[in-house]
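Participant: Here it is, the structure, as structure tokens.
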Amino acid sequence: MLNQIQPISLNRSIVDGSPLDPPQPPHIQPSFYAALLVDTFVGLGGSPHLVELSVPNDNVTGYAAFVNGFIKRAVFVNLEAWLQSSTGDRPSVHIELNFSLASGGTNADASTLRKGQVQVRRLVIQHADDTSGLLWAGQSYETSNVHPSGPVSVETVNIEDGVELRATEAILITF
């Protein structure tokens, strides 16, 4: 298990072991943000049935949470590394929210679902090799008391428009 919190001051860099002057105070680790995303994905009520989604892109993985047979949330992660050394425009993938229903659903159900709206929360980091500067739904937890700073950012997106997912980014979609 990864440490989510650095509980004591650091006198040496975690990147190269060089001395830090001044020492780095206790702080949230990047994995804390991933835990927030997973907690929101799994823990927003009900007893979700989690399934892996078929995503037609080798750099993107996706999962859905179904409650009582209905899709409630989906998470997509773009695993393409956008590094500090990367150049050009940051790549993105367009996520089409196409639905095919299992037995018991009808084409009318799928058609209605495709015309609705979803809420999107983003896990954002500037570069995959950054050790700070992450945001979960617009908020930073890199504060002296670990209370989030900044307003919550939730996008409302038409399902039929889909969602853009940048390299080194994750999104949580709530239906």
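The values are calculated or read from the model by the stated rules, or taken from the named source; none is laboratory data. A quick note: this is a predicted structure, and the numbers were derived from the prediction, not measured. Note: ideal-geometry Cβ built from the backbone for every residue, glycine included; neighbour counts use all protein chains shown. SASA here: full protein model, heavy atoms, side chains in, ligands and nucleic acids out. Shrake-Rupley method; radii C 1.70, N 1.55, O 1.52, S 1.80 Å.
Participant: Pull up all non-local amide H partners of residue 162: gap of 5 or more, or a different chain, and H-to-H distance under 5 Å with H placed in the peptide plane.
Facilitator: Amide H to amide H, under 5 Å and 5 or more residues apart or across chains, residue 162 pairs with 97.
Participant: Moving to a separate point now. Looking at the square roots a ≥ b ≥ c of the eigenvalues of the Cα gyration tensor of the range 31-70, which shape do they give, rounded for a/c under 1.5, prolate if a/b is larger than b/c, or oblate?
Facilitator: oblate
Participant: A further question follows. Can you compute the modelled spin-label distance between residue 156 and residue 89, with each label point 7 Å from Cα toward Cβ, in nm?
Facilitator: 2.9
Participant: May I pose another question? For residue 15 and residue 164, what does the FRET efficiency come to when R0 = 25 Å and r is the distance between their Cβ atoms, rounded to the nearest 0.05?
Facilitator: 0.25
Participant: Evaluate the distance, in nm, between pseudo-label points positioned 7 Å from the Cα of residue 143 and of residue 128 along their respective Cα→Cβ axes.
Facilitator: 3.1
Participant: Here is a further query. Could you tell me which of rounded, prolate or oblate describes the range 120-175, using a ≥ b ≥ c as the square roots of the eigenvalues of the alpha-carbon gyration tensor, with rounded for a/c under 1.5 and, failing that, prolate when a/b is larger than b/c and oblate otherwise?
Facilitator: The shape class here is oblate.
Participant: Next question, about the same structure. Quick one: how many Å² of residue 12 are accessible to a 1.4 Å probe, rounded to 10?
Facilitator: Surface accessible to solvent at residue 12 totals approximately 140 Å².
Participant: Taking the alpha-carbon centroid of each part, what is the distance from the range 23-71 to the range 125-142 in angstrom?
Facilitator: Here the answer is 16 Å between Cα centres.
Participant: How big is the C-alpha Rg of the range 17-86 next to the rule-of-thumb value 2.2 N^0.38 Å, as a ratio?
Facilitator: Ratio of Cα Rg to 2.2 N^0.38 Å: 1.58.
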